[in-house]
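Shown next, in structure tokens, is the structure this report addresses.
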Amino acid sequence: MIFQDPRAHTNPVRRIGDFMTEALRTNLAVPAAQARAKAVDMLAQVGIEDGARRLRQYPHQLSGGMLQRVMIAAALLTGPRLMLADEPTTALDVTTQAEVMAILDDLRREFGLTMLFITHDLELAAAICDRTAVMYAGQIVEIRSSMLLHDDPLHPYTAALAGARPDIAQTARRLRAIPGRPLSAFEALPAECAFAPRCPHARDVCRAAVPGPLEIGGGMSRCARAHDLRGRLGAVADG
Ligand code: SF4
């Protein structure tokens, strides 16, 4: 698991080496010296060369980007097959974000890992994920090949999200927003589409029942009007 803010998930009074080798020593009974050697090797794989010295340091002595690399290295040390990355670059500046994403992508391929990448950044999801699952009110409302998500969404919420992205070519235009506010899972009514109060395409059928998963276009949509709206959603939510 790689967390959003590495500083919040490392103990400030424990050394990097203790943090990195803990799982190896306690879960896999790897001897201390061997665990440290593995940690140094893994640090080198995420671009931290002086690993032996880094293991003796405390989190506050490392930059945010370096600490996130430590988190990635620690997550890979026990040989996982599935890596969960929860907004791993949100707390980093843009340049460091790009470096960390490149490392994650390289290591994912090298180790043959499956990665579940959680993000609010649709562009980033499209860039690194094969498939994207879009969630609303605690439920997956669309699963789609990332390549098709922007141009041919299957759910009005996905289209509205894509339409709300700032456009660098149109600096004078007002930013488009989705009306209303997002619902938490517990606020969604049990008998209608949770997105209905904000959806420009809502009709009576949307308020008759919670839409079930519908296979369409090689993906999945939880929209009662998915077939009617197919090809009309584009990247803009109105209409
Ligand atoms: S089911 Fe109806 S309200 Fe819900 S997203 Fe589809 S069109 Fe909109």
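The table below lists the values:
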{"read-out": "Inter-residue pairs, beta-carbon under 9 Å, first within 23 Å of H227 (Cβ to Cβ) and in the stretch 182-206, second more than 10 Å from the ligand (Cβ to nearest atom) and part of a helix (DSSP H, G or I), 6+ apart", "value": "A194/A185; A194/E187"}
{"read-out": "Those residues of the stretch 16-44 which are open to solvent by 80 Å² or more (accessible area, probe 1.4 Å) and either among the β-branched types (V, I, T) or under 28 Å from the mean Cα position of the chain (by Cα) (or both), in sequence order", "value": "E22, T26, N27, K38, D41"}
{"read-out": "Hey, R165 within 23 Å of the chain's Cα centre (by Cα), crowded, with 18+ Cβ neighbours inside 10 Å and charged (D, E, K, R) or not", "value": "no"}
{"read-out": "First in the stretch 1-30 and touching a residue at least 60 places away in the same chain (Cβ under 8 Å), second anywhere and open to solvent by 60 Å² or more (accessible area, probe 1.4 Å) and among the aromatic types (F, W, Y), Cβ under 6 Å, 6 or more apart", "value": "H9/F3"}
{"read-out": "Selected residue (criterion: least open to solvent (accessible area, probe 1.4 Å)) from residues of the stretch 210-219 that are within 11 Å of the ligand (Cβ to nearest atom) and within 17 Å of G138 (Cα to Cα)", "value": "P211"}
{"read-out": "The listed residue being within 12 Å of the ligand (Cβ to nearest atom), within 15 Å of I140 (Cα to Cα) and either open to solvent by 90 Å² or more (accessible area, probe 1.4 Å) or of a type in the set (K, R) (or both), out of R203, R222, R198", "value": "R222"}
{"read-out": "Candidates G138, G234, filtered to the one that is open to solvent by 40 Å² or more (accessible area, probe 1.4 Å) and on the phi > 0 side of the Ramachandran plot", "value": "G138"}
{"read-out": "Residue match in the stretch 47-63 (condition: of a type in the set (D, E) and part of a helix (DSSP H, G or I))", "value": "no"}
{"read-out": "Among (1) away from the ligand (no atom under 12 Å from the Cβ); (2) part of a helix (DSSP H, G or I); (3) surrounded by 11 or more Cβ atoms within 10 Å (Cβ to Cβ) - the single one T158 does not satisfy", "value": "(1)"}
{"read-out": "Residue list for the stretch 126-155, filter: away from the ligand (no atom under 16 Å from the Cβ) and in a loop (DSSP other than H, G, I, E, B)", "value": "C129, D130, H150, D151"}
{"read-out": "Qualifying position, being among the β-branched types (V, I, T) and surrounded by fewer than 15 Cβ atoms within 10 Å (Cβ to Cβ), among T89, T96, T78, T10", "value": "T78"}
{"read-out": "Any hit, the stretch 171-179, residues being open to solvent by 60 Å² or more (accessible area, probe 1.4 Å) and within 16 Å of the ligand (Cβ to nearest atom)", "value": "yes"}
{"read-out": "Residues located in the stretch 19-61, provided they are under 22 Å from T96 (Cα atoms) and hydroxyl-bearing (S, T, Y)", "value": "Y58"}
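The values are calculated or read from the model by the stated rules, or taken from the named source; none is laboratory data. As the structure is a computational prediction, the values presented were derived from the model and not from experiment. Please note: Cβ atoms are built from the backbone with ideal geometry, for glycine as well, and neighbour counts cover all protein chains shown. Quick note on the areas: whole protein, heavy atoms, side chains included, nothing else; ligands and nucleic acids left out. Shrake-Rupley method; radii C 1.70, N 1.55, O 1.52, S 1.80 Å.
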